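The structure appears right after this line, and notes come after that.
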Amino acid sequence: MNSSHFSRNLRVKYFLDKLFVYPALFVASPFILLVAVVIKLDGWINPENAGSVFYTEPRISADKLFKVIKFRTVTRKGLQWVYEKPETRSISRCYPRTQAGKFVLKWYFDEIPQLFNILRGEMSFVGPRPHIIKVYKDDIQEGCFYRKIIKAGLFGIPQACKRNLKHERIFSQVGQRRKTAIQALRTIDGIYANECMNRSIFGILIFDWVIIARFFTIFMRGNTLDEVREEY
């Protein structure tokens, strides 16, 4: 596929993101309210856990700096640890966690506010995950050029196949079908980029839905996501 078709497909994909994010926010709104109440209640019961409901971290998506939005899952002490070196530290790897934070992380609710990032055009529903700035820079140095082009996603291939050998084989076979000499396009996120570059817009959308569906398969089976989630 030439670059003009690739760019056009991405524009259509991101337009549809903004179209579908409204119903997604409507469906997610009860969960957003529930988590906000849980976080506030935790702070009232345990003063050391008090603080804001939301939290932001600097990330890069399609070569643009933005603030990824998450629910706060750690204490003020934990936030201070992240704020000291935001380019190399993430709330996902931060301790001590609040009681509410343990619940939120277990069921992946901390990622729901990223729907607002999609609404603002900073992220997509599916794409490479928005790593911390240091990891992003390391990826660019290693030749992962697609990170400069494709927006970071709320969902990605790692979440769709983590700790599931059947799913890992499926995505590995997908990657093997695309012959490429570029090593970066054979990585787990690179497979997604390679598919985007070689599929029609309809093929990209179908691939996106497969990734989302496989993630929710893991979720609905009750596999606690503290075991299957990636740390970003």
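The values are calculated or read from the model by the stated rules, or taken from the named source; none is laboratory data. Predicted model, so just to flag it, every value in this text is computed and none were measured. Every residue, glycine among them, receives a Cβ derived from its backbone with ideal geometry; neighbour counts consider all protein chains shown.
Which of the residues spanning region 9-45 are under 15 Å from L205 (Cα atoms) and in contact (Cβ under 8 Å) with a residue 12 or more places away in the chain?
N9, L10, V12, K13, Y14, L16, D17, K18, F20, V21 - these are the residues of region 9-45 that are under 15 Å from L205 (Cα atoms) and in contact (Cβ under 8 Å) with a residue 12 or more places away in the chain.
Between a first residue in region 138-155 that is in contact (Cβ under 8 Å) with a residue 60 or more places away in the chain and under 20 Å from F116 (Cα atoms) and a second residue that is among the aliphatic types (A, V, I, L, M) and part of a loop (DSSP other than H, G, I, E, B), which pairs have beta carbons less than 7 Å apart while being 6 or more apart in sequence or on different chains?
Filtered contacts from region 138-155: I150/A62; K151/A62; K151/M123; A152/M123.
Can you name the residue in region 24-83 that is of a type in the set (V, I, T) and surrounded by fewer than 19 Cβ atoms within 10 Å (Cβ to Cβ) and, of all such residues, is nearest to M123 (Cα to Cα)?
T56
Any chance region 131-141 includes a residue that's at pLDDT 90 or above, of a type outside the set (S, T, Y), closer than 15 Å to Y14 by Cβ and surrounded by fewer than 17 Cβ atoms within 10 Å (Cβ to Cβ)?
No, region 131-141 contains no residue that is at pLDDT 90 or above, of a type outside the set (S, T, Y), closer than 15 Å to Y14 by Cβ and surrounded by fewer than 17 Cβ atoms within 10 Å (Cβ to Cβ).
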